[in-house]
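Read through the structure below, which is laid out as structure tokens, and then see the notes.
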């Protein structure tokens, strides 16, 4: 999901498309639950291209515990 926030700018929520930041690479390996490694890589490449095209500075990954520790949480927020 791509959000356009007035102060923060574009924010990409990868949720389950890319679970963790270290896997956000063009040659991303498939996880055991992924059915098709080439489709996984193609999808990831599309998201990487979107980041470049839209100049997205903030990408939030669905299950990255290290990243979640660095994100704003209530009462702070992204606007």
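Across the range 1-18, the number of residues qualifying as exposed (fewer than 15 other Cβ atoms within 10 Å of the Cβ) and not in a strand (DSSP E or B) comes to 5. Residue pairs whose Cβ atoms lie under 9 Å apart, separated by 6 or more positions or on different chains, with the first residue in the range 1-15 and over 14 Å from residue 55 (Cα atoms) and the second at pLDDT below 95 and assigned to a strand (DSSP E or B), are 1/15.
I need the full set of residues from the range 21-64 which are over 19 Å from residue 10 (Cα atoms), outside any helix (DSSP H, G or I) and under 11 Å from the mean Cα position of the chain (by Cα), in order please. Residues satisfying the conditions are 25, 63, 64. Considering (1) touching a residue at least 40 places away in the same chain (Cβ under 8 Å); (2) surrounded by fewer than 13 Cβ atoms within 10 Å (Cβ to Cβ); (3) over 15 Å from residue 1 (Cα atoms), the lone condition that residue 57 does not fulfil carries the number (3). Just one of the numbered conditions (1) surrounded by 15 or more Cβ atoms within 10 Å (Cβ to Cβ); (2) at pLDDT 95 or above is not true of residue 21: (1).
The values are calculated or read from the model by the stated rules, or taken from the named source; none is laboratory data. The model shown is predicted, which means the values in this text are computed figures rather than measured ones. Cβ coordinates were reconstructed from backbone atoms using ideal geometry, including for glycine residues, and neighbour counts include every protein chain displayed.
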